[in-house]
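**Student:** Sharing a structure with you now.
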Amino acid sequence: MEKKWVSIWGNALSRPEENPERYARDLTLRYVITPSMDGEMIRLTFSNFDGYEEAVISTVTVAKTDSGSNRNVRKDSVSNVTFDGKRELHLVPGEIRKSDALYFPVRRGEQISVSFYLNGYTDMGSGVSTSGPLTIGYFARGRYSDKLIFPAEVSKPIATFYFLNTVDVLTNSQNKAIMVFGDSITQQSWPEHLTKRILRDDIEHIAIVRRAIGGNRVLREYTHLENVHYGRRGIDRFLHDLELTEGVSGVIVLHGVNDLIHPEAGNFFRSPSDLPTAEELINGLREYVRISKEHGLWIKIGTITPFGKWCSYTDEKEQLRQQVNAWIRSNTEADGYMDFSELLTDPKENRCLLPVYALNDGLHPSLAGAEHMAESIPAEWLV
């Protein structure tokens, strides 16, 4: 049977939140990936896209995760990953590198671990934080990239994925990836609940690849240290994230709420003048449609969810949200929409999330809300 490369996991290109302790040395990172399809070979992509300095990764390995403890890996499964035949990887600022293809059979639902060691002082300047039931990562002091045991006494969990950007497998030609693109709502757990649904329902040919950054906006980005981790504006990063996603067939976008809630009086970095018009925000979403169509992909757009209890809410912003959502529901440019707003809105107060589906901030979905979002994705999108 004919084979092709398909991405089974990924993150957005971004820079982590700035802090004075961002340098690391003598550090091992171990990330656990849950594949939703089988593959016979594997390939890893590492990124220093938003880094300020060269990053040197001394060793990279991939292994089968131990079922007894996901910190550890199974005996005789550790395989060395190379880059143009070399084990050490040098990433200059802005560089993205794919590894050499490695024979490493992957089975859906069977977790694998990617481990890598940073020997010298390294600016941890490229990475993104995520959350969800399948977000599993650890760091340890010392070199453990090729060790079976990741000792609990020298390690701790981490939810920021540094440098590791994408995992691809060589798989059957009918298999494909769906990229989900957005901000913190997508950075949180609903895409991972969708992957769990795919595994539960025995859908063997689809992988969900999340490309999301907390605080990200469609039309605006920040270069100052306070908010640089919000990432490049969506209309600039969309194509980069798309091109890194192998075997992608379609895109689900949920983006735009930060364009509305960020501008507020008294905030120097989020000036009220940054508030877009409905037309401007719609044109930003149209740019996602244009790029997707140019690449022969389908695209579904999610309606912007309510934020009536968020600290910067105004009636003007709510009116803009309703105008943008009206376009999302009625346009014929995209291939459809997912009415996340309708799913999560409190029918007694339509500017707000239903309490059972909301975290205390009134903006982000709760666990129940995320699960509801994942379960509501139409089955025909997953064929």
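**Student:** Taking the stated definitions as given, is GLY296 at pLDDT 95 or above, open to solvent by 40 Å² or more (accessible area, probe 1.4 Å), not charged (D, E, K, R) and not in a helix (DSSP H, G or I)?
**Tutor:** yes
**Student:** Oh, and also: For segment 130-178, which positions are of a type in the set (S, T, N, Q), farther than 21 Å from LEU102 by Cβ and out of contact with any Phe, Trp or Tyr (no Cβ under 7 Å at 6 or more places or on another chain)?
**Tutor:** Matches in segment 130-178: SER131, THR135, THR160, GLN174.
**Student:** Which residue pairs have Cβ atoms under 8 Å apart, sit 6 or more places apart or on different chains, and have a first residue in segment 69-84 that is farther than 17 Å from VAL106 by Cβ and a second that is among the polar types (S, T, N, Q) and part of a loop (DSSP other than H, G, I, E, B)?
**Tutor:** So the pair list comes out as THR82/SER99; PHE83/SER99.
**Student:** Let me ask you something else. I need the full set of residues from segment 302-329 which are loosely packed, with under 15 Cβ neighbours inside 10 Å, of a type in the set (D, E, K, R) and farther than 12 Å from LEU260 by Cα, in order please.
**Tutor:** The answer is ARG329, and nothing else.
**Student:** Could you tell me whether ASP236 is among the charged types (D, E, K, R), open to solvent by 30 Å² or more (accessible area, probe 1.4 Å), assigned to a helix (DSSP H, G or I) and under 24 Å from ALA334 (Cβ atoms)?
**Tutor:** Against the criterion (among the charged types (D, E, K, R), open to solvent by 30 Å² or more (accessible area, probe 1.4 Å), assigned to a helix (DSSP H, G or I) and under 24 Å from ALA334 (Cβ atoms)), ASP236 qualifies.
**Student:** Identify the residue in segment 213-262 that is within 17 Å of GLY125 (Cα to Cα) and of a type in the set (Val, Ile, Thr) and, among all such residues, is modelled with the highest pLDDT.
**Tutor:** The selected residue is ILE213.
**Student:** Just to be sure, is VAL383 over 28 Å from ARG232 (Cβ atoms), at pLDDT below 95 and surrounded by fewer than 19 Cβ atoms within 10 Å (Cβ to Cβ)?
**Tutor:** yes
**Student:** Further, regarding this structure: What's the number of the only condition in (1) in contact with a strand residue (DSSP E or B) (Cβ under 7 Å, 6 or more places away or on another chain); (2) of a type in the set (S, T, N, Q); (3) in a loop (DSSP other than H, G, I, E, B) that SER115 fails to meet?
**Tutor:** If we test SER115 against (1) in contact with a strand residue (DSSP E or B) (Cβ under 7 Å, 6 or more places away or on another chain); (2) of a type in the set (S, T, N, Q); (3) in a loop (DSSP other than H, G, I, E, B), just (3) comes out false.
**Student:** Another question, then. Can you spot a residue in segment 330-339 that is assigned to a loop (DSSP other than H, G, I, E, B), open to solvent by 30 Å² or more (accessible area, probe 1.4 Å), among the charged types (D, E, K, R) and modelled with pLDDT under 95?
**Tutor:** No: segment 330-339 contains no residue that is assigned to a loop (DSSP other than H, G, I, E, B), open to solvent by 30 Å² or more (accessible area, probe 1.4 Å), among the charged types (D, E, K, R) and modelled with pLDDT under 95.
**Student:** Which ones in segment 48-67 are over 18 Å from ARG143 (Cα atoms) and touching a Leu at 6+ places or on another chain (Cβ under 6 Å)?
**Tutor:** ASN48, PHE49 - these are the residues of segment 48-67 that are over 18 Å from ARG143 (Cα atoms) and touching a Leu at 6+ places or on another chain (Cβ under 6 Å).
**Student:** Sort out which residues of segment 80-112 are under 29 Å from GLU40 (Cβ atoms), out of contact with any strand residue (DSSP E or B) (no Cβ under 7 Å at 6 or more places or on another chain) and open to solvent by less than 50 Å² (accessible area, probe 1.4 Å), and write them in order of number.
**Tutor:** Passing the criteria: THR82, GLU95, GLY109.
**Student:** Which count do you get for residues in segment 370-383 that are without any contact (Cβ under 8 Å) to a residue 60 or more places away in the chain and in a helix (DSSP H, G or I)?
**Tutor:** Going through segment 370-383 one residue at a time, the tally reaches 4.
**Student:** Starting from segment 33-44, take each residue that is of a type in the set (Lys, Arg) and list its partners that are part of a strand (DSSP E or B), counting only C-beta distances under 8 angstrom and pairs at least six apart or across chains.
**Tutor:** Matching pairs, first to second residue: ARG43/TRP5; ARG43/LYS98; ARG43/LEU102; ARG43/VAL167; ARG43/ASP168; ARG43/VAL169; ARG43/LEU170.
**Student:** GLY266 is checked against (1) modelled with pLDDT under 95; (2) in a helix (DSSP H, G or I) and fails just one. What number does that condition carry?
**Tutor:** Failed condition: (2).
**Student:** Separate question: Given the conditions (1) of a type in the set (D, E, K, R); (2) within 28 Å of LYS196 (Cβ to Cβ); (3) surrounded by fewer than 19 Cβ atoms within 10 Å (Cβ to Cβ), report the number of the one that GLU371 does not fulfil.
**Tutor:** If we test GLU371 against (1) of a type in the set (D, E, K, R); (2) within 28 Å of LYS196 (Cβ to Cβ); (3) surrounded by fewer than 19 Cβ atoms within 10 Å (Cβ to Cβ), just (3) comes out false.
**Student:** Right, here's the next one. Please enumerate the residues belonging to segment 247-261 that are surrounded by fewer than 24 Cβ atoms within 10 Å (Cβ to Cβ) and assigned to a loop (DSSP other than H, G, I, E, B).
**Tutor:** GLY247
**Student:** Ok, one more. If I go through segment 192-229 residue by residue, how many of them are in a helix (DSSP H, G or I), touching a residue at least 40 places away in the same chain (Cβ under 8 Å) and not aliphatic (A, V, I, L, M)?
**Tutor:** The total comes to 6.
**Student:** Also: Got at least one residue in segment 125-135 being farther than 20 Å from GLU17 by Cβ and either within 24 Å of the chain's Cα centre (by Cα) or surrounded by 19 or more Cβ atoms within 10 Å (Cβ to Cβ) (or both)?
**Tutor:** So far as segment 125-135 goes, yes, one or more of its residues are farther than 20 Å from GLU17 by Cβ and either within 24 Å of the chain's Cα centre (by Cα) or surrounded by 19 or more Cβ atoms within 10 Å (Cβ to Cβ) (or both).
**Student:** On to the next question. Looking at segment 340-365, which of its residues are of a type in the set (S, T, N, Q) and either assigned to a strand (DSSP E or B) or touching a His at 6+ places or on another chain (Cβ under 9 Å) (or both)?
**Tutor:** THR345, ASN350
**Student:** Take the residues of segment 345-367 that are under 16 Å from SER184 (Cα atoms) and hydrophobic (A, V, I, L, M, F, W, C): which is surrounded by the most Cβ atoms within 10 Å (Cβ to Cβ)?
**Tutor:** LEU353
The values are calculated or read from the model by the stated rules, or taken from the named source; none is laboratory data. For clarity, every value in this text was computed on a predicted model and none was experimentally measured. Positions of Cβ are generated from backbone atoms using ideal geometry, with glycine treated the same way; all protein chains shown enter the neighbour counts. Heavy atoms of the whole protein, side chains included, go into the accessibility calculation; ligands, DNA and RNA do not. Shrake-Rupley method; radii C 1.70, N 1.55, O 1.52, S 1.80 Å.
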